[in-house]
Amino acid sequence: MPRSSPAGPSRPTAAGSDPGSAGPRDGVTGGRGLHGVLLWAFGRHSVQEDEGAHAADALFQDRGRGMTYVAQDRPRIGWVGAGRMGFQLAARLLDAGHDVAVYNRTRSKAEPLAERGATLVDRPADLADRDVVFTIVAASPDLEAVTTGPGGVLTSPDAAPGVLIDNSTVSTRMSALIRSESAKRGTDFLAAPVSGNPKVIAAGKLTVAVSGSREVFGRVEPLLAQLGRGVTYVGEGEVARLVKIAHNVFLGVVTQSLAEITVLAEKGGVSRAAFLEFLNDSVLGSDYTRYKSPALVNLDFTPTFTMPLLRKDLDLGLSAARDLEVPMPLAAATAQLVAGAIGAGHVEEDFATLILEQARNSGITLTPQNVPVDDGLSPQT
């Protein structure tokens with residue numbers, strides 16, 4: 001539930017639950033049905049067993065590797081940020097039947113979500129009465145602006161969200177600041193950066209790393225599971241930020257390495273399509289190398305993640321490495337190459353344009369091969 005005062009009401013302990021656990025005991029439902037579990041999860045003050053309980057029990061359906069969450073009895077959701085990633089994630093919740101209110105700085109970008117059932121609001125503060133609010137923005141200053149800045153979601157004098165979940169990639173310092181400000185309003189905060197892009201989201205393959213209170217994580221895990229295929233609790237505090245930054249450092253290093261070996265093969269007389277087909281079918285191939293192959297072969301650099309965003313994450317990773325005294329020579333070299341690519345004008349395109357700079361430095365010019373290349377992604381049915 002949204003908090004009605006700065007201190008916020010204490011959360012009740014439902015029968016059959018452990019105050020120190022992530023949820024009711026005795027399996028997923030604690031023997032009481034999911035209706036009661038969701039009332040417990042979001043701090044409702046009673047547990048009802050009525051005719052709606054049987055429908056709510058259908059919230060989870062066994063699907064082999066886990067559970068399928070079906071929105072029937074559910075929290076009211078606020079969403080801040082309808083960029084390439086945020087739009088697709090909010091759409092997933094809307095398509096699952098959730099009540100979602102959305103704020104985006106450029107309102108027109110969020111308007112298609114209204115056609116799918118979203119309520120559009122004019123300020124993040126208009127979402128303060130929501131049970132759960134998600135934020136996904138480009139950088140640390142943006143997160144500060146939409147939470148504690150003028151009209152931020154934590155600035156309403158009358159209400160504050162029950163849980164604030166941030167899916168952005170930001171610094172640990174900013175994350176800790178927003179956690180502290182949330183606590184002052186009685187709002188639980190989870191750092192939950194995501195891995196993927198709009199096409200990965202459409203394929204149902206997004207992953208999420210989450211840190212903060214394990215008890216709070218347990219309450220919202222079914223909701224987070226709606227965002228993609230994997231939700232991993234990684235620890236207390238801001239450690240999810242480090243997990244995501246390490247992930248994105250690896251992203252940069254792997255992509256630069258992939259560009260280098262692909263250009264090496266091409267300059268030696270092997271087509272990019274043939275080389276990458278071999279690589280992807282080998283033990284070194286991966287979901288990622290297969291996914292990036294169409295861009296490298298056909299030079300389609302429609303942006304999924306831009307070079308400036310990659311530079312930001314490499315800078316965050318190298319800063320963490322300095323603080324923790326961990327040498328990262330490959331990451332440092334990649335950061336310099338990314339900076340060079342930005343200087344060469346690769347700002348709006350996808351960061352796979354690293355291959356163009358690698359080719360230029362190698363004395364060759366690449367041309368699109370215009371052949372079909374499987375990216376390994378297909379939307380879940």
Original post:
Are there any pairs, at least 6 apart or on different chains, whose C-beta atoms fall under 6 Å, with the first in the stretch 295-318 and open to solvent by less than 30 Å² (accessible area, probe 1.4 Å) and the second among the polar types (S, T, N, Q) and at pLDDT 95 or above, and if so, which?
Top reply: Leu296/Thr262; Val297/Gln369; Phe301/Thr353; Asp313/Asn248
**OP:** Could you list, in sequence order, all residues of the stretch 267-292 that are in contact with a Ser or Thr (Cβ under 9 Å, 6 or more places away or on another chain) and open to solvent by less than 60 Å² (accessible area, probe 1.4 Å)?
**Re:** Arg272, Ala273, Phe275, Leu276, Leu279, Asn280, Tyr288, Lys292
Subject >> From the options Thr187, Thr172, Thr207, Thr232, residue that is closer than 30 Å to Asp131 by Cα, modelled with pLDDT under 95 and of a type in the set (S, T, N, Q) >> reply: Thr172
Original post:
How about the stretch 283-381: which helices (runs of 4 or more DSSP H) wholly inside it have at least 3 residues that are among the β-branched types (Val, Ile, Thr) and modelled with pLDDT of 95 or more?
Top reply: 329-343
Original post:
Just one of the numbered conditions (1) under 22 Å from Arg322 (Cβ atoms); (2) open to solvent by less than 30 Å² (accessible area, probe 1.4 Å) is not true of Val239; which one?
Top reply: (2)
**OP:** Go through the stretch 323-363 and give me each residue that's under 19 Å from Lys312 (Cβ atoms), open to solvent by 30 Å² or more (accessible area, probe 1.4 Å) and not hydrophobic (A, V, I, L, M, F, W, C).
**Re:** Asp323, Gln336, Gly340, Gly343, Gly345, Glu348, Glu349
**OP:** Among the residues of the stretch 154-189, count how many are under 18 Å from Gly78 (Cα atoms), open to solvent by less than 20 Å² (accessible area, probe 1.4 Å) and of a type in the set (Val, Ile, Thr).
**Re:** 4
Original post:
Only one of (1) at pLDDT 95 or above; (2) touching a Leu at 6+ places or on another chain (Cβ under 8 Å) fails for Gly152. Which number is that?
Top reply: (2)
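Within the stretch 95-104, track down each residue that is surrounded by 14 or more Cβ atoms within 10 Å (Cβ to Cβ) and within 19 Å of the chain's Cα centre (by Cα). Please lay out each step first, then the result.
First pass over the stretch 95-104, keeping only residues surrounded by 14 or more Cβ atoms within 10 Å (Cβ to Cβ): 96, 98-104.
Once the filter is applied, which keeps residues that are surrounded by 14 or more Cβ atoms within 10 Å (Cβ to Cβ) and within 19 Å of the chain's Cα centre (by Cα), the stretch 95-104 yields Ala96, His98, Val100, Ala101, Val102, Tyr103, Asn104.
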**OP:** Considering every residue within the stretch 118-139, establish whether at least one is under 30 Å from Asp323 (Cα atoms) and modelled with pLDDT under 95.
**Re:** yes
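Yes/no per residue for (1) within 20 Å of Leu89 (Cβ to Cβ); (2) among the basic types (Lys, Arg):
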{"position": "Arg116", "(1), (2)": "yes, yes"}
{"position": "Val121", "(1), (2)": "yes, no"}
{"position": "Phe134", "(1), (2)": "yes, no"}
{"position": "Arg173", "(1), (2)": "no, yes"}
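Where in the stretch 148-220 are there strands (runs of 3 or more DSSP E), lying fully within it, with 2 or more residues that are of a type in the set (Val, Ile, Thr)? Lay out the reasoning, then the answer.
Details: elements: 163-166, 188-191, 207-211.
The qualifying strands (runs of 3 or more DSSP E) are 163-166, 207-211.
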Original post:
Regarding Val373, is this residue open to solvent by 20 Å² or more (accessible area, probe 1.4 Å), aliphatic (A, V, I, L, M) and closer than 30 Å to Gly204 by Cβ?
Top reply: yes
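Might you check whether a residue that is part of a strand (DSSP E or B), at pLDDT below 95 and out of contact with any Pro (no Cβ under 7 Å at 6 or more places or on another chain) occurs anywhere in the stretch 81-101?
Of all residues in the stretch 81-101, those part of a strand (DSSP E or B) come to 100-101.
Then keep just the ones that are at pLDDT below 95; that gives none.
Within the stretch 81-101 (the criterion being part of a strand (DSSP E or B), at pLDDT below 95 and out of contact with any Pro (no Cβ under 7 Å at 6 or more places or on another chain)), the answer is no, since none of the residues qualifies.
So that you can scan it fast, the table gives a plain yes or no per residue for (1) touching a Pro at 6+ places or on another chain (Cβ under 8 Å); (2) closer than 19 Å to Val231 by Cβ; (3) of a type in the set (A, V, I, L, M); (4) in contact (Cβ under 8 Å) with a residue 60 or more places away in the chain:
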residue	(1), (2), (3), (4)
Ser108	no, no, no, no
Val133	yes, yes, yes, no
Ala138	no, no, yes, yes
Pro157	no, no, no, no
Ile165	no, yes, yes, no
Gly196	no, yes, no, yes
Leu206	no, yes, yes, yes
Ala209	yes, yes, yes, no
Arg219	no, yes, no, yes
**OP:** Check off (1) of a type in the set (Val, Ile, Thr); (2) under 28 Å from Tyr288 (Cβ atoms); (3) buried (at least 24 other Cβ atoms within 10 Å of the Cβ) for Ile201 and give me the number that stays unchecked.
**Re:** (3)
Original post:
Which of the residues belonging to the stretch 105-131 are in contact with a helix residue (DSSP H, G or I) (Cβ under 6 Å, 6 or more places away or on another chain) and open to solvent by 70 Å² or more (accessible area, probe 1.4 Å)?
Top reply: Arg116
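The values are calculated or read from the model by the stated rules, or taken from the named source; none is laboratory data. Model, not experiment: these values are computed from the prediction. Cβ sites come from the backbone with ideal geometry, for glycine too, and all protein chains shown count toward neighbours. Ligands, DNA and RNA are stripped out before the accessible areas are found, and what is left, the full protein with its side chains, is counted by its heavy atoms. Shrake-Rupley method; radii C 1.70, N 1.55, O 1.52, S 1.80 Å.
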